[in-house]
1. Could you go through the stretch 31-50 and let me know if any residue there is touching a strand residue (DSSP E or B) at 6+ places or on another chain (Cβ under 7 Å), closer than 25 Å to Met141 by Cα and part of a helix (DSSP H, G or I).
2. Suppose we filter the stretch 184-198 for residues that are surrounded by 16 or more Cβ atoms within 10 Å (Cβ to Cβ), under 21 Å from the mean Cα position of the chain (by Cα) and not hydroxyl-bearing (Ser, Thr, Tyr); how many remain?
3. Given (1) surrounded by 14 or more Cβ atoms within 10 Å (Cβ to Cβ); (2) more than 20 Å from Ala170 (Cβ to Cβ), identify the lone condition not met by Arg115.
4. Do we find a residue being in contact (Cβ under 8 Å) with a residue 60 or more places away in the chain, within 17 Å of Phe238 (Cα to Cα) and assigned to a helix (DSSP H, G or I) anywhere in the stretch 175-183?
5. Quick one: is Ser257 small (Gly, Ala, Ser) and touching a residue at least 60 places away in the same chain (Cβ under 8 Å)?
6. Just to be sure before I move on: is Tyr65 hydroxyl-bearing (Ser, Thr, Tyr), modelled with pLDDT of 95 or more and out of contact with any strand residue (DSSP E or B) (no Cβ under 9 Å at 6 or more places or on another chain) in the structure I sent?
7. Listed residues Ala162, Ala88, Ala153, Ala128; which is small (Gly, Ala, Ser) and not in a loop (DSSP other than H, G, I, E, B)?
8. Hey, among Ser280, Ser257, which residue is over 18 Å from Leu155 (Cβ atoms), polar (S, T, N, Q) and in contact with a strand residue (DSSP E or B) (Cβ under 7 Å, 6 or more places away or on another chain)?
Amino acid sequence: MATPERLIATLQAYQQTEALRAAIDLDVFTAIAAGATDLRALAKRCSVSVRGLRALTNYLVTLGYLELEGGAYRLAPDAARFLDRRVATYLGGTADFYAAPLLRAGFRSVADAVRRGGSDPQKVDSMAPRNPVWLEYARGMAPLFVPPAAAVASLLEEQGIAPRRVLDLAAGHGWFGLEIARRFPDAEVTAADWPAVLAVARDHARTAGVAARFRTLPGDVFSVPLGRGYDVIVVANFLHHFAPARIRRLLRRLRASLAESGRLVLVEFVPNDDRVTPPSVAQFGLRLLATTPHGDIYTFAEFAELLKAAGFAGARLYPVAGSPERAILAERAAPAGRKSAL
């Protein structure tokens, strides 16, 4: 028999978001991992009231992030791996982007976005020039994308592609280009994005040990001169923000910037043809509707048509290890003797 439990849980889901954000902000997970496992010691370590902390930590127990036994708290396995600030796999910074005011504002106006077919650009537009949300993205989301970026670099190697000149368009945190630089010692990477975002990518280049082979190209990627002769252009998590006509125009610009034998790499949330699987990809479509005037998720067939219209050939779809995203490789021109897969 149907019950209202799922309905009520969904309507209250924002409370889980805020509880998790509070625990991250107060360093609760790191303090427990460091040995402050009883309530009073933990409250002292986090500089909070015992009463307030008890309500928060017990709520986190019900969500499965903490475990409680004999009056002592411990981290659940996923919390230990991703929410202890001292470990390399820490992902607490993603909260600054996933719960950013702009994204939350978009979801407070979903009904309006559904009526309009996109967000009201006067109220919510994540793609407005120099939007500060992308600085939060570059800072907070970087650890989440290092493994997928490494997988894309591996894909290039598996395909026998050894680039020397790479353009990372709308680079954000920069890791897709940086992992290519780490994989291929002769590769020089140019990252294009807004200046404030590129400052974060430059820091990551130093962390990656490839700063000497890292260049920046500040400005609007739709209009700034991109240069020519790139062996590989990477466009990760960007095209889905725009309508097909604007994507086609950008793809034509990118094709002109590639060397004759160059390759384009798209990293995108590509749904299956039914547009409801995989679930996380399908759900991303609503976020685009709520936060952009024209963004959408595109199937591989739709991307293939966009690439063909821009003059690309040989598009292929590949999984990206450790990510719900997929990579699309396309060639500037079809190799002699082989017809385009499009």
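The values are calculated or read from the model by the stated rules, or taken from the named source; none is laboratory data. As the structure is a prediction and not an experimental result, all values here were calculated from the model. When we count neighbours, we look across all protein chains shown, and the Cβ atoms used for this are built from the backbone with ideal geometry, even at glycine.
1. yes
2. Going through the stretch 184-198 one residue at a time, the tally reaches 7.
3. Going through the list (1) surrounded by 14 or more Cβ atoms within 10 Å (Cβ to Cβ); (2) more than 20 Å from Ala170 (Cβ to Cβ), Arg115 breaks only (1).
4. Filtering the stretch 175-183 down to residues in contact (Cβ under 8 Å) with a residue 60 or more places away in the chain leaves 176.
Those left that are additionally within 17 Å of Phe238 (Cα to Cα): 176.
Imposing the further condition that a residue be assigned to a helix (DSSP H, G or I) reduces the set to 176.
The answer is yes; a qualifying residue exists.
5. yes
6. Values: hydroxyl-bearing (Ser, Thr, Tyr): yes; modelled with pLDDT of 95 or more: yes; out of contact with any strand residue (DSSP E or B) (no Cβ under 9 Å at 6 or more places or on another chain): no.
Against the criterion (hydroxyl-bearing (Ser, Thr, Tyr), modelled with pLDDT of 95 or more and out of contact with any strand residue (DSSP E or B) (no Cβ under 9 Å at 6 or more places or on another chain)), Tyr65 does not qualify.
7. After applying the criteria, what remains is Ala153.
8. Numbers: Ser280 fails: in contact with a strand residue (DSSP E or B) (Cβ under 7 Å, 6 or more places away or on another chain).
Going through Ser280, Ser257 in turn, the sole match is Ser257.
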